[in-house]
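> First the structure, which I've put down as structure tokens, then a few questions once you've had a look.
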Amino acid sequence: MALAGGALLATPGAQARAPQSAPRTNAAAAPLQCPPPTLPSPADYQAEAQRPHPDQGVLWELRKGEHTAYLFGTIHLGKLPWIYPGPRTAQALRTAPAIALELNPLDPQTLQTLMQAMARDSDAQQLVMRNNPQLRTRMDAMAQALCIERNSWQGMATIPKILALAVADVSRDGYNMAFGIDLNLAAMAQVVARPILPLETAQEQLDAMGLGGKDPLANLATPDDITKVLDDIRSGKSREMTGELVRHWQSGDLAALETLMRTCNCMDDLGMKTAMLDDRNQRMAERISPLVAQNPKLFIAVGLLHMVGDNNLLQLLQKEGFTVRQLTGKGADSAQ
């Protein structure tokens, strides 16, 4: 199910209500012990910054006429070492006059819009949950077992709750939304006073996730959808798939990622592929072209899932007149 794996890498909007961490627990244990979540100290960040880091993910050079830009495939969760770019990626960042992201995760208005929408179900989703109280009970029990903070949990709508369960589950393998590549690129841009240019609005992402109110039946989580994602989390299938996605990102293996996305049924359960990838790819491709013309050497960072499959962003950019050259990852052009 997309919300248990693919959506964690397809849209940064999922970060708005995601818990920071969740320790490995046993749902049947009593009393439940949930130590407070911990993040690295400033000394940990400083020590990590001193270490050499390889290029991870995939970086492309985009050329159109006299203009050059760089496109980087990201993931929206990760581990501390991954927020430090490798040499080729760092070089592209140093020359960039601005950074373009799917959303600006540091913009207060963007965050407020996302969080308000994620706090309330549509009328149709409320009806589904009222008619299936056993699902609410099961989700609440899983949230407790995964040590999701109670007040935060109670303030979420159903789809954000599913995302939160998936994030808390994969965090047991050390992944954390605080180390999402997009979020840290935005922080880096803010430190060096570079503009952050959003490719989408918060409302557009909410509509893609079925939370925007544009269509009350869009991406409605049915009882069967919810049961499947809960089963996938409980069985470890969701965690396993997310681990595969992350490993393919690390190695920059687009062919393996393409194969996984074609065989895993990751975005079929809620019919989300068209809304979360295809429609958004078209929109972003159309907006990237004028941004590059206005900001030569622009650094663009978009979730790596947008670069594979039919109607992927790379294909659409080529239709917009860009020449695309892969600089890092498997199959990269060795010529610099």
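> Amide H neighbours of Thr74 under 5 Å, at least 5 residues apart or on other chains, H built in the peptide plane: list them.
Val302, Gly303, Leu304
> List the residues, sorted by chain then number, that are 5 or more residues from Ala100 or on another chain and whose placed amide H is less than 5 Å from its amide H.
When sequence neighbours closer than 5 places are left aside, the close amide H contacts are Leu197, Phe299, Ile300, Ala301.
> With Cβ to Cβ distances under 10 Å as the rule, what net charge do the other residues near Arg136 carry (K, R +1; D, E -1)?
+2
> Further question: Mind ranking 180-189, 246-255 by how tightly packed they are, going by the mean number of other C-beta atoms within 10 angstrom, highest first?
On the way: 180-189: 21.3, 246-255: 18.6.
Ranked from most to least packed, the peptides come out as 180-189, 246-255.
> Could you please report the charge total around Gln282, scoring K, R as +1 and D, E as -1 over all other residues with beta-carbon less than 11 angstrom from its beta-carbon?
Spelling it out: positives minus negatives among the neighbours equals 0.
> Taking the Cα-to-Cβ direction at Asn151 and at Met188 and moving 7 Å from each Cα, how far apart do the two end points lie in nm?
In this crude label model, Asn151 to Met188 measures out at 3.4 nm.
> Same structure again: Using the Karplus curve 6.51 cos²θ - 1.76 cosθ + 1.60 with θ = phi - 60°, what ³J(HN,Hα) values do you get for each residue of the range 74-82, in whole Hz, with x for Gly and Pro?
Working through the residues one at a time gives 10, 10, 9, 8, x, 10, 3, x, 6 Hz.
> When the Karplus curve 6.51 cos²θ - 1.76 cosθ + 1.60 is applied with θ = phi - 60°, which whole-Hz ³J(HN,Hα) does each residue of the range 192-198 get, with x for Gly and Pro?
Once θ is set to phi - 60°, the couplings for the range 192-198 become 9, 6, 9, x, 10, 9, x Hz.
> Let me ask you something else. With respect to the cross-link table entries Lys237/Lys330; Lys79/Lys228; Lys79/Lys330, which display a Cα-Cα separation exceeding 23 Å?
Lys237/Lys330; Lys79/Lys228
> Apply the Karplus parameterisation 6.51 cos²θ - 1.76 cosθ + 1.60, with θ equal to phi minus 60°, to every residue of the range 121-129 and state each ³J(HN,Hα) to the nearest whole Hz, in sequence, with x for glycine and proline.
6, 5, 4, 5, 5, 4, 5, 4, 6
> Show the residues, 5+ positions off or on another chain, whose built amide H is closer than 5 Å to the amide H of Gln56.
Answer set, sorted by chain and number: Gly86.
Where a number appears in this text, it was derived from the coordinates with a stated rule and is not lab data. The structure displayed is predicted, hence computed values, not measured ones. Don't worry about glycine lacking a Cβ; one is built from the backbone with ideal geometry, like all the others, and counts go over all protein chains shown.
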